[in-house]
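Note sheet for the following structure.
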Number of protein chains: 2
Amino acid sequence: MEQKIQAKNLDEQRFGRVLPHVSVDCVIFGFHENQLRVLLLRLRSIQEWSLPGGRLFPDESLDDAAHRVLKERTGLQNIFLKQFYAFGDRHRMDNTDFHGILAKQGIQLDPSHVLFDRTISVGYYALVEFSQVTPGLDILTEEWRWWDVREAPVMLFDHNEIMSAALKTLRRQLRYDPVGLNLLPEKFTMPELQKLYETILGKTLDRRNFQKRLLGYGILKRLEERRLGGAHKSPYLYCFDREQYFKALESGLEHEW
Amino acid sequence: MEQKIQAKNLDEQRFGRVLPHVSVDCVIFGFHENQLRVLLLRLRSIQEWSLPGGRLFPDESLDDAAHRVLKERTGLQNIFLKQFYAFGDRHRMDNTDFHGILAKQGIQLDPSHVLFDRTISVGYYALVEFSQVTPGLDILTEEWRWWDVREAPVMLFDHNEIMSAALKTLRRQLRYDPVGLNLLPEKFTMPELQKLYETILGKTLDRRNFQKRLLGYGILKRLEERRLGGAHKSPYLYCFDREQYFKALESGLEHEW
DNA sequence: ACAAAAGTGTTGCCGATACACCCATGA
DNA sequence: TCATGGGTGTATCGGCAACACTTTTGT
């Protein structure tokens, strides 16, 4: 009975007023301790981890839905968020036996329930500043965690594939996306920025050439401060010159990596 | 009565077994007489032109649906086809009064009919060889026509926006897509290939540099033949070295335009 | 023979890479 | 004082753009 009520709540709160056959999934990237990470969550009673996602309300655009999911998951608004691909394989959801899982909990849902629909998912990727994120748990979510992209677990449905596609897009888009601005804190050093690029690209870059290049874009401001406490020579702090940054992005940051 | 039957047919043939809320739309590019063209069609009783599109059968992937639409429209199979964006604005279909149009014909459909659903559309673009296309008319289609992309008419829904987005993607993807191979006939001259690129990019290119660059990729084979009948010096004919082409595409054709 | 189009070669510039030296800091 | 990391400068190389001359063809 308890369970039945829960199923009913679940239905009304999450699935009562949503469109069938369409969803959004967000690959939320963060950067911490020199690792590129993704925010994943594990749904109640489901073993596999999954990407934060959700369905559309009838009056909501795809973009709005993605922003809403992001806000529900990270508490953040006005985040950099970009659609990158729609996943529509016929059997993309076949690896999960929802009926079995729910049955074990004594939850019965009609076979025509939205949850079992064959669904096209539109993928978005987000760049967020790690330290600002404090995900909340909702009724469906049992656990959340940041994973190193290289060590991501087996996920629900085709979510591993979606994550890989997001990463690939991110790499190709490095020139056009405000990567540093969104993934790093307000102030950062040149080596830190370089580490971010190296981590995303998965290869090392020449220190001197990197600095010349990035400064060449004219989108960084060097501050008077330096980062103290390091074991060696203290590096300068930089921040983004937002006005210049967005101006530069429109024309693309040229150059290949 | 006649009309009612038609409405019923329409329903069974086209909408009886499809998913609601999702569709695909194809921007089909061709090249003819030095113009980049798109294949548009006009649906029966609807004034505006539209992109060829359709809904998904329950057992069909997005890609399969796009290929099916393409085949229905052009008779072509194994065509270069690429997904480029999902369009999901809340009001993207608001500019058309289906109820009014159908009412004028005496066709009554239930307000919950799939046709009136709020729909997310996944955009694909295709590159086809103009001369090979012979579109067929189906029960819903009244007229089809190739339009110069620069002179496309006002279209249904947000189809103008979808077409623009496709064109923008095509330009950015010039390096990665087998543009020439799909849009030109088997054999072609260097000036013809250059015209294609110039038309897509919307700007003129230096003849000598263009030739050096394209030949530099090592994906073209020069034939012994020349194109005769021109008023002046007869140019060589080329064809693609398919093996080399696909090998080169994997690494990307480098270089920016 | 002449006009118009097509084939080919050379130069110079700019950006990216490769590489070396000096400086600051904490242990 | 030394090891380590951070700041800065220079030489070279390659790709692309700019550009000119010759050849072919139909009229």
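At A:Asn209, label 7 Å along Cα→Cβ: distances to the other copies, nm, ascending?
2.3
In nm, one decimal, shortest first: how far is the label point of B:Glu72 (7 Å from Cα along Cα to beta carbon) from the matching points in the other copies?
3.3
So what is log10(I(q)/I(0)) for region A:186-251 at q = 0.24, 0.29 1/Å, when the Debye sum runs over its Cα atoms only?
For region A:186-251, the Cα-only Debye profile gives -1.17, -1.31.
Plugging the Kirkwood radius over Cα pairs into Stokes-Einstein for chain A, at a temperature of 25 °C and a viscosity of 0.890 mPa s, what D comes out in µm²/s?
D, rounded to a whole number, is 122 µm²/s.
To the nearest 20 Debye, how big is the dipole of the protein assembly as shown about its Cα centre, given +1 on the beta carbon of each Lys and Arg and -1 on that of each Asp and Glu?
1800 debye
If you wrap a convex hull around the C-alpha atoms of region A:66-216 and split its volume per residue, what is the figure in Å³?
135 Å³
How big is the gap, in Å, between the Cα center of region B:206-233 and the Cα center of region B:131-195?
24 Å
Place +1 on the Cβ of every Lys and Arg and -1 on the Cβ of every Asp and Glu in chain B, take the dipole about the Cα centre, and give the residue among B:Phe84, B:Phe188, B:Ala126 whose Cα lies farthest towards its positive end.
With unit charges placed on the Cβ atoms, the residue in question is B:Phe188.
Taking Cα atoms, how many degrees apart are the long axis of helix B:190-201 and the longest axis of chain B, rounded to 10 and kept between 0 and 90?
Taking the Cα atoms of chain B, the angle to B:190-201 is about 40 degrees.
What percent do you get for the relative contact order of chain A when only Cα pairs under 8 Å and 6+ apart count? Write out the running numbers ahead of the final one.
Working: 390 pairs, mean separation 58.1, N = 257.
RCO, chain A: 23 percent.
Where Lys and Arg each count +1 and Asp and Glu each count -1, what net charge lies around A:Phe87 among other residues with Cβ under 15 Å from its Cβ? Write out the running numbers ahead of the final one.
Working: positive: A:Arg55, A:Arg90, A:Arg92, A:Arg118, A:Lys168, B:Lys82; negative: A:Asp25, A:Asp89, A:Asp94, A:Asp117, A:Asp158, A:Glu161, B:Glu60, B:Asp63, B:Asp64.
Result for the local shell: -3.
When DSSP assigns beta bridges and you keep just the ones with both residues in chain A, what percent turn out antiparallel, to the nearest 5? Don't skip to the answer; put the middle values down first.
Working: 29 of 38 bridges.
In chain A, DSSP labels about 75 percent of beta bridges as antiparallel.
Using a Förster distance of 25 angstrom, determine the FRET efficiency expected from the C-beta separation of B:Lys104 and B:Asn160, and round it to 0.05.
After rounding, the FRET efficiency stands at 0.55.
Mind checking the per residue accessible area of region A:136-225 for me, 1.4 Å probe, whole number of Å²?
With the other protein chains kept in place, region A:136-225 gives 51 Å² per residue.
For chain A, which whole-number percentage of the solvent-accessible area (1.4 Å probe, protein heavy atoms only) is attributable to carbon and sulfur atoms?
Ligands and nucleic acids excluded, carbon and sulfur give 48 percent.
For the B and A pair, go ahead and give the buried accessible area with a 1.4 Å probe, both sides summed, in Å² to 100.
Working: alone 14000 and 13980 Å², together 26050 Å².
The buried area between B and A, both sides summed, comes to about 1900 Å².
Tilt of helix A:62-74 relative to the longest C-alpha principal axis of chain A, in degrees (0 to 90, nearest 10)?
For helix A:62-74, the angle is close to 80 degrees.
Let me have the relative contact order for region B:186-251, percent, based on Cα pairs under 8 Å that are six or more residues apart.
Relative contact order here is 37 percent.
Considering the zone a paramagnetic label at A:Glu151 would reach in this model (a point 7 Å from Cα along the Cα-to-Cβ line), which residues of region A:200-215 have amide N under 18 Å from it?
A:200, A:202
The values are calculated or read from the model by the stated rules, or taken from the named source; none is laboratory data. Worth saying up front: this structure is predicted, and the values here are computed from it rather than measured. For neighbour counting, all protein chains shown are included, and Cβ atoms are generated from backbone atoms with ideal geometry for every residue, glycine included. Heads up: the accessible areas ignore ligands, DNA and RNA and are worked out on the full protein's heavy atoms, side chains in. Shrake-Rupley method; radii C 1.70, N 1.55, O 1.52, S 1.80 Å.
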